[in-house]
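Structure first, commentary second.
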Amino acid sequence: MLCLGITGADIFSPGMNFVFGLACTGTALISTFRLRPELYGGSVNLKVYRWRVLTETVHELGHALGLPNCEYPGCVMYFSTWIGDTDRKGPRFCFRCGKRAGWLREVQE
Ligand SMILES: [Zn+2]
Ligand SMILES: [Zn+2]
């Protein structure tokens, strides 16, 4: 079973001044704070915001399943250093990570 937490607070981890989310086995947390377009001078845009929330949720749940970060920039498991990375990658796994995610889910069930 996977557990997901969503917070509006800006969250940090050692060595990084912010993170979009955190995860350990079975548990994930995402922060919506830096996903809002308004933060970057844009106007309120629920479509963009929801897409970012979905992307970071899939990324952290992927970690909760046991997937590592992926080096392919178009994969949801790519490590986002800024919001542009999140917007570019979107919520889809690359072929390799998708296969691994399916396999890890079977192991858990
Ligand atoms: Zn990651
Ligand atoms: Zn990947």
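The values are calculated or read from the model by the stated rules, or taken from the named source; none is laboratory data. Small disclaimer: the values here were computed from a predicted structure and weren't measured. FYI the Cβ positions are ideal-geometry reconstructions off the backbone, even for glycines, and counts take in every protein chain you see. Note: areas computed on protein heavy atoms with side chains; ligands, DNA, RNA excluded. Shrake-Rupley method; radii C 1.70, N 1.55, O 1.52, S 1.80 Å.
Express the relative contact order of region 17-109 as a whole percentage, based on alpha carbon pairs under 8 Å and six or more residues apart in sequence. Mind showing how you got there, number by number?
Numbers: 127 pairs, mean separation 22.7, N = 93.
Computed value for region 17-109: 24 percent relative contact order.
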Could you list which residues have their amide H under 5 Å from that of residue 28, counting only those 5 or more apart in sequence or on another chain, with H placed in the peptide plane? 3, 4, 5
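Per the helix-only calculation at 222 nm, which mean residue ellipticity applies to the chain, given -39500 (n - 2.57) for every DSSP H run of n ≥ 4 and division by its residues, nearest 500 deg cm²/dmol?
Numbers: 3 runs with 41 residues, N = 109.
Here the helix-only value at 222 nm equals -12000 deg cm²/dmol.
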Note down the magnitude of the dipole of region 24-109 about its Cα centre, charges +1 on Lys and Arg C-beta and -1 on Asp and Glu C-beta and zero elsewhere, to the nearest 20 debye. 220
Along region 80-85, Karplus-curve 3J(HN,Hα) (6.51, -1.76, 1.60; θ = phi - 60°) to the nearest Hz, with x for Gly and Pro, reads 7, 8, 8, 4, x, 5
Whole-Hz couplings from phi, Karplus 6.51/-1.76/1.60, listed for region 58-67; x for Gly and Pro: 5, 4, 6, 5, x, 5, 4, 6, x, 6
Once amide hydrogens are built 1.01 Å from N within the peptide plane, the residues lying 5 or more places from residue 92 or on another chain with amide H under 5 Å from its amide H are 76
Per residue solvent-accessible surface (Å²) - region 1-96, probe of 1.4 Å: 56
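Given a 1.4 angstrom probe, I'd like the percentage of the accessible area of the chain that is carbon and sulfur, rounded to a whole number.
On the way: 3960 of 6490 Å².
That share works out to 61 percent.
On a 1.4 Å probe surface of the protein chains, which of 77, 1 comes out largest in accessible area, and what is the full order?
So, going from the largest accessible area down, we get 1, 77.
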Looking only at the chain, where both bridge partners belong to it, what percent of the DSSP beta bridges are antiparallel (to the nearest 5)? 50
Taking amide H positions as placed 1.01 Å from N in the peptide plane, with prolines and chain starts having none, which residues 5 or more places from residue 11, or on another chain, fall under 5 Å of its amide H? 19
Counting only other residues whose beta carbon sits under 15 Å from that of residue 99, what net charge do I get with K and R as +1, D and E as -1? +3
